Amino acid sequence: MANLSVETTKLDGVRLIQPHRFGDSRGFFSEVFNLATFHGAGFDDVFVQDNQSLSAHAGTLRGLHFQAPPRDQSKLVRCGRGSLWDVVVDFRLGSETFGQWFGAELSAANGKQMYVPSGFLHGFVTLEPQTEVLYKCSDYYVPDMEGTVAWDSLDIDWPLGGRTPILSDKDAAAPSFEDVASPFGALS
Ligand SMILES: Cc1cn([C@H]2C[C@H](O)[C@@H](COP(=O)(O)OP(=O)(O)O[C@H]3O[C@H](C)C(=O)[C@H](O)[C@H]3O)O2)c(=O)[nH]c1=O
C-alpha cells in the first residue's frame, strides 16, 4: 500500500507531503496522488483541475496569487522537473499568523509536495532552468476572481542571489500586500 508522510509547518493548515517512492534498479515508482490516501492523511479537498507550468529560466518568479471566495482554491503543488522554492503567505483576516510566510524547496529529486490551503497566497521562484510545476486545484480557474500581491512587498527571503526575478507583466504590476484587502476570514 503506497503511503505518504505529512509534516506540519508554522502556518496552521500548510503542510508538506512526502509520497513514498518504491525504488528498484530501474529507478522508482510513486503514487504522487491517491484520493483515499490523501483523505486518510487528514485532508478533505477534492481537486477538480490539474495545472502544469514550465519556466525556461532559473529565477522565474510566479506569484503571489490567490482566487477569492466563493471560488477560492486549495492547491497541492509538486515539481516534475528541476527545482523551485515554493512560498505560501497567510492571508486570513484575524489569523495569528496573518502576513507570515513559509517557504520550502520542492524538486523532482525530493518529491516533496506543498499543500496550500484556501486563504493563503501562493508563489514560487525556480531554482534551475526548465523547471516544471504540477499542481492540483480544488476549484476551477475564474479569472475575474483572481488576485495578486507584489512578490517583494513582504519580508520573504526569496533565494534570488541578488538577481531581479523574471516576472509576468501581471506580477510586475501587482499591488503591495498592504494595499490588497483580504477576502478571506480567519476560519476560511
Ligand atoms: C492559473 C491559470 C491560468 N490560465 C491561463 C491564463 C493566462 O493566459 C495563462 C498564464 O496564466 P498566469 O500568468 O496567471 O500563470 P501563472 O503566473 O503561472 O499563475 C499561477 O501561478 C501561481 C504560482 C499560482 O499559484 C496560480 O495557480 C496561478 O496564478 O494561463 C488558465 O487558463 N487557467 C489557470 O488556472
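The values are calculated or read from the model by the stated rules, or taken from the named source; none is laboratory data. Given the structure is predicted, the values throughout are model-derived calculations rather than measurements. When we count neighbours, we look across all protein chains shown, and the Cβ atoms used for this are built from the backbone with ideal geometry, even at glycine. Only protein heavy atoms, including side chains, enter the accessible area calculation; ligands, DNA and RNA are left aside. Shrake-Rupley method; radii C 1.70, N 1.55, O 1.52, S 1.80 Å.
A few points about this structure:
- Applying both filters, DSSP loop and at most 12 other Cβ atoms within 10 Å, to the GluC sites (Glu not before Pro) of the range 65-171 gives GLU96.
- Bridging of LYS112 to aspartates and glutamates at a Cα separation below 18 Å is possible for GLU7, GLU31, ASP50, ASP86, GLU128, GLU132, once same-chain residues fewer than 8 apart are set aside.
- The chain: antiparallel DSSP beta bridges as a percent of all, rounded to 5: 95 percent
- Available extension along the chain between THR8 and GLN49 is 12.3 nm, counting 0.36 nm per residue and deducting the alpha carbon span.
- Between the amide H of ARG81 and those of ALA108, GLU132, distances stay under 5 Å, these residues lying 5 or more places away or on another chain, with hydrogens modeled in the peptide plane.
- Accessible-area composition of the range 48-120, carbon plus sulfur, in percent [1.4 Å probe]: 48 percent
- Taking the Cα centre of the chain as reference, the dipole from Cβ charges on Lys and Arg (+1) and Asp and Glu (-1) amounts to some 560 debye.
- A Förster distance of 45 Å, applied to the separation of the beta-carbon atoms of VAL142 and ASP24, puts the FRET efficiency at 0.55.
- Phi to ³J(HN,Hα) by Karplus 6.51 cos²θ - 1.76 cosθ + 1.60 over the range 84-93, Hz, x for Gly, Pro: 8, 10, 9, 10, 10, 10, 5, 10, 8, 4
- Solvent-accessible surface of the chain, taken per residue with a 1.4 Å probe and all protein chains present: 49 Å².
- Theoretical FRET efficiency, 1/(1+(r/R0)^6), r = Cβ-Cβ of ASN34 and ALA181, R0 41 Å, to 0.05: 0.60
- For the chain, the Rg and Dmax computed from alpha carbons only, in angstrom: 16.2, 54
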